[in-house]
Amino acid sequence: MLRRRLTGVSGLLAIVLLLAGCGEGFYKYARDGIAASKGAIEAAQAEYMDECVADPSLQPCVTINKAIDAQNLAVDALNLYCSGPQWDLPGGECDPPSSKETRAHLESRVRAALNAMSGIIAEVEGLIR
């Protein structure tokens with residue numbers, strides 16, 4: 001049952017990537033995609049913890065670490081996109097750049113990070129028994 005639920009994560013990430021170009025909802029779709037990846041990563045970490053502590057060079061451990069790195073990259077890209085003055089306030093909303101050119105550039109970076117994360121999360125889902 002866990003595997004069936006996690007397989008939906010990569011499907012959700014694919015939908016997120018399609019919807020991420022939808023203007024104002026961009027931040028929410030990106031945020032939701034990042035949050036969805038967390039469940040797959042945590043499930044794999046729990047399943048492979050003993051093996052990875054003993055030998056972090058095992059393939060499942062390398063894949064899990066790549067997924068963590070990809071998720072961190074997506075978070076960093078989204079933080080850059082949202083980093084206007086409102087973003088730093090407690091409970092601050094995403095405050096993307098007002099410049100169309102800068103906004104488009106940062107959106108493309110977030111999309112690229114989400115795309116990379118989606119592929120690696122699909123690999124992580126394959127590790128879950």
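Quick notes on this one:
- Evaluation of SER57 against the conditions (1) more than 26 Å from PHE26 (Cα to Cα); (2) part of a helix (DSSP H, G or I); (3) not charged (D, E, K, R) shows that the sole unmet condition is (2).
- Among the candidates GLY92, GLY126, the residue that is modelled with pLDDT under 95 and either among the aromatic types (Phe, Trp, Tyr) or not in a loop (DSSP other than H, G, I, E, B) (or both) is uniquely GLY126.
- Criterion applied to ALA77, ALA35 was being modelled with pLDDT of 95 or more and small (Gly, Ala, Ser), and the one residue passing it is ALA77.
- Scanning the range 32-75 for residues that are among the acidic types (Asp, Glu), without any contact (Cβ under 8 Å) to a residue 12 or more places away in the chain and touching a helix residue (DSSP H, G or I) at 6+ places or on another chain (Cβ under 9 Å), we see that the one that is surrounded by the fewest Cβ atoms within 10 Å (Cβ to Cβ) is ASP55.
- Only a single item in (1) touching a residue at least 40 places away in the same chain (Cβ under 8 Å); (2) surrounded by fewer than 19 Cβ atoms within 10 Å (Cβ to Cβ); (3) in contact with a Cys (Cβ under 8 Å, 6 or more places away or on another chain) is not met by ASP95, and it is number (1).
- Considering residues of the range 76-89 that are surrounded by fewer than 20 Cβ atoms within 10 Å (Cβ to Cβ) and part of a helix (DSSP H, G or I) only, the residue nearest to the chain's Cα centre (by Cα): ASP76
The values are calculated or read from the model by the stated rules, or taken from the named source; none is laboratory data. Just so it is clear, the model here is predicted, and its values are computed rather than measured. Note that each Cβ is placed from the backbone with ideal geometry, even for glycine, and that neighbours are counted across all protein chains shown.
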